[in-house]
Every structure is written in C-alpha cells, then in structure tokens.
1. Can you tell me which residue in the stretch 39-55 is modelled with the lowest pLDDT, limited to those that are in contact with a Leu (Cβ under 9 Å, 6 or more places away or on another chain) and not small (Gly, Ala, Ser)?
2. Return the pair list, or none, for Cβ contacts closer than 6 Å from residues in the stretch 24-45 that are under 19 Å from Ala59 (Cβ atoms) to residues that are open to solvent by 60 Å² or more (accessible area, probe 1.4 Å) and outside any helix (DSSP H, G or I), at least 6 apart or on different chains.
3. Among the listed residues Ala29, Ala35, Ala61, identify the single one that is loosely packed, with under 12 Cβ neighbours inside 10 Å, modelled with pLDDT of 90 or more and in contact with a helix residue (DSSP H, G or I) (Cβ under 8 Å, 6 or more places away or on another chain).
Amino acid sequence: MAAERDIDDLPRGGANYTARTPLWFLERAALAHPARASVVHGPVRYTWAATSRRCRRLASALARRSVGHGSTVRLPLSSPFSDSFPPPSTCSC
C-alpha cells in the first residue's frame, strides 16, 4: 500500500497552484467578461474592461510620480457614511 500524500506535499504547478491576487482577478474579469458590469452606483456604470483601463491609468499615473511598492498614498474618498465615520483614505502599495 502506498503512503498517503498530503495535498501540501504536491509540487506547485499550473494545474494546482495559481496566485490569486486582486490584480489577477481584475485581469481575469476584464478578459472573461469585458462587457459585464463591474461597478454600479446610481446612474454610473462601469464594465470590467473599463474598470481595468481605469485601474491601469491610475497605476501608471502613480508610477510616473515614483509611487511604488511600499509607498503610502492618501486618496480623498467619499462615503455615504462620511458624516458619521471618516472614510478610509490611505492605502499602502
């Protein structure tokens, strides 16, 4: 009888391991469902393709200003709860 192997003992490969990051999800959604709605806020609607383009434009603008991995960025964000709670407006890259 062969010894039972734990799934963590398997070598990583394309079939059993893929890094699932927010960027991976965004790229995958933009390729698989480019015309589907990704953001709906009242009359404003964005597709996955448009969301991907907007994110890439923001990333490029930040990179042109030497903002990269490890940088802290403050964004003026609005929130429907802004009267009660301050919105989260700082993110680390």
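The values are calculated or read from the model by the stated rules, or taken from the named source; none is laboratory data. Predicted model, so just to flag it, every value in this text is computed and none were measured. Cβ atoms come from the backbone with ideal geometry, glycine included; neighbour counts cover every protein chain shown. Each accessible area value is taken on the protein alone, full model and side chains, heavy atoms only, with ligands, DNA and RNA left out. Shrake-Rupley method; radii C 1.70, N 1.55, O 1.52, S 1.80 Å.
1. Restricting to residues being in contact with a Leu (Cβ under 9 Å, 6 or more places away or on another chain) and not small (Gly, Ala, Ser), the top hit is Cys55.
2. Partner pairs satisfying both residue conditions: Ser38/Tyr46; Val39/Tyr46.
3. Ala35
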